[in-house]
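Trainee: Take this structure first; my questions come after.
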Amino acid sequence: MKISDKFNELKKKKKGALIAYICAGDPSPDATKEYVTALVRGGADIIELGLPFSDPTADGPTIQAGIERALNGGMTPDVYFRTAGSLKVHIPLVVMTYYNIIFKRGLEKFVKDCAASGISGIIVPDLPPEESGELAGFCNKNDVDLIFLVAPTTTDERLKRILTEGKGFIYLVARLGVTGARADVAESTRALIKRVKTTTPKAVGFGISNGKQAAEIIRSGADGVIVGSAFVDIIASGKDVPARLEALAKDLKEGAAQG
Amino acid sequence: MACTGGGSNAMGIFHPFIEEDVDLFAVEAGGSGMKVTDKEALHSATLCSGEEGILHGMHTKVLQNKYGQILESSSIAAGLDYAGVGPELAYLADTGRLKPCNSMDAEALDAFNDLCRLEGIIPALESSHAVAYVKKAASTGELGDVVVINLSGRGDKDLETVMGMRK
Ligand SMILES: Cc1ncc(COP(=O)(O)O)c(C=O)c1O
């Protein structure tokens, strides 16, 4: 499913989107299938499936640990695309990974593999827009959205470029630093949501962990929330994981829907 | 002759000589051997054995496996222990302007001792790799009459490591 179709559908219902991140293969490829199903049952609108990279510079300790569990569990790009292709979900899937993984596989092959396994968007936190032309070319040819990140420190000049070239949704980084669950919503997050003016959907990530925050973010003008570490924390605990993933997704989705 | 990890001391000393008729040697850390597994390298010799990749925002040579996962590098010298290298050095190596080479942990330790004894200078373990390569190369005829070794740092910080190795 296309990302824009999902956002259009939610817009008609006046509801915010829940984008749920987990790391593929954490702790095993089979577990990922079960966890994705649980997240969808809980109400996730888009699944962001991490393809683990050994040096995840944008990720905090929680997701780093998940990536390590995934790599130890044998996750590779080949296994990743097989796993993604076998997921029976009817919502958009997005891959989040780092540029060396894409570069090593070959840009065109990577994008084609995405298209063939039902992945409709790519997030590459260490690829600046200025260097993204080649990958964007293959994405456009294969109808895959290349999604860019905007941080509180993004310059106006770069923001302009991101808003013209960004596809799917604009990923607003709620605060400086790395990923990781926080309890509150920073003032800078609201400021960033106001600053980014575009018709492309805006989704906010980094630090969201509960329904109350999700509601606040949607109320501040975002179209979606992205939640990762809070889900990965549940996976790390190893206890009652599918039920708890589903419950947290439900809480977040309710927040995003009322906001 | 400069030890090379990420390459800042190396590029600094090479820079004024690039246009000159001077050989440039980038001495990397051979660690405990040039072996690699799927996850780690026993060395940090990125110019010698890395492949094209992207790490920390650089398009350069990188120690990585076939999927692009970065290998855990290794060296007795913390300052050389890095899986990437500055792209300018990777370029100079590709064009043949500089020669990538390496010294092993044990060779660097020997060179450390030699410089302490013979000159009263305690070199950093990083710099000791360059000294060690000069010792090796002195007998192979690849060096000219005048050799400049960049002693990039003092070894006071490394005494604990060196003493530990002696036990
Ligand atoms: C004494 C010393 N020499 C050399 C280096 C590394 O040099 P380069 O950046 O040229 O690889 C370091 C790095 O920490 C160092 O401490």
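The values are calculated or read from the model by the stated rules, or taken from the named source; none is laboratory data. Keep in mind that what you see is a predicted model, and the values were worked out from it rather than measured. Cβ placement follows ideal geometry from the backbone for every residue including glycine, while neighbour counts extend to all protein chains displayed. Ligands, DNA and RNA are excluded from the accessible area calculation, which covers all protein heavy atoms including side chains. Shrake-Rupley method; radii C 1.70, N 1.55, O 1.52, S 1.80 Å.
Trainee: Would you check if there is a residue in segment B:41-55 being open to solvent by 20 Å² or more (accessible area, probe 1.4 Å), without any contact (Cβ under 8 Å) to a residue 40 or more places away in the chain and either within 13 Å of the ligand (Cβ to nearest atom) or away from chain A (no Cβ under 11 Å) (or both)?
Mentor: yes
Trainee: Return the only residue of B:LEU151, B:LEU92, B:LEU71 being within 27 Å of A:TYR99 (Cβ to Cβ) and in contact with a helix residue (DSSP H, G or I) (Cβ under 9 Å, 6 or more places away or on another chain). Quick ask: steps written out before the conclusion?
Mentor: Details: B:LEU151 fails: within 27 Å of A:TYR99 (Cβ to Cβ); B:LEU71 fails: in contact with a helix residue (DSSP H, G or I) (Cβ under 9 Å, 6 or more places away or on another chain).
Going through B:LEU151, B:LEU92, B:LEU71 in turn, the sole match is B:LEU92.
Trainee: Could you list, in sequence order, the residues of segment B:79-119 that are open to solvent by 30 Å² or more (accessible area, probe 1.4 Å), aromatic (Phe, Trp, Tyr) and within 13 Å of the ligand (Cβ to nearest atom)?
Mentor: Within segment B:79-119, B:TYR82 is the sole residue that qualifies.
Trainee: Criterion first (more than 14 Å from every other protein chain (Cβ to nearest Cβ), hydrophobic (A, V, I, L, M, F, W, C), within 13 Å of the ligand (Cβ to nearest atom) and open to solvent by 60 Å² or more (accessible area, probe 1.4 Å)) does B:LEU151 satisfy it?
Mentor: The answer is yes for B:LEU151.
Trainee: Only residues that are under 28 Å from B:GLY155 (Cβ atoms), open to solvent by 60 Å² or more (accessible area, probe 1.4 Å) and within 14 Å of chain A (Cβ to nearest Cβ): list them for segment B:60-78, please.
Mentor: Result: B:GLU72, single match.
Trainee: Right, another one. Do you know which residues across segment B:120-148 are in a loop (DSSP other than H, G, I, E, B), more than 16 Å from the ligand (Cβ to nearest atom) and not charged (D, E, K, R)?
Mentor: B:GLY120, B:ALA138, B:SER139, B:THR140, B:GLY141, B:LEU143, B:GLY144, B:VAL146, B:VAL147
Trainee: Further question on the same structure: So which helices (runs of 4 or more DSSP H) stay within segment A:1-75 end to end and still have 1 or more residues that are closer than 17 Å to A:VAL89 by Cα?
Mentor: A:3-12, A:29-42
Trainee: Give segment B:154-167 a look and list any residue that's within 15 Å of the ligand (Cβ to nearest atom), in a loop (DSSP other than H, G, I, E, B) and at pLDDT below 95, or say none.
Mentor: Hits for segment B:154-167: nothing passes.
Trainee: Now, a different point. Quick check on this structure: which one of A:GLY73, A:GLY106 is small (Gly, Ala, Ser), within 14 Å of chain B (Cβ to nearest Cβ) and touching a Ser or Thr at 6+ places or on another chain (Cβ under 7 Å)?
Mentor: Of A:GLY73, A:GLY106, the one residue that is small (Gly, Ala, Ser), within 14 Å of chain B (Cβ to nearest Cβ) and touching a Ser or Thr at 6+ places or on another chain (Cβ under 7 Å) is A:GLY73.
Trainee: Still on this model: For A:GLY207, indicate whether it is at positive phi and modelled with pLDDT of 95 or more.
Mentor: no
Trainee: Kindly state which strands (runs of 3 or more DSSP E) lie completely within segment B:1-117 and contain at least 1 residues that are at pLDDT 95 or above and of a type in the set (Phe, Trp, Tyr).
Mentor: Per the criteria, B:24-31.
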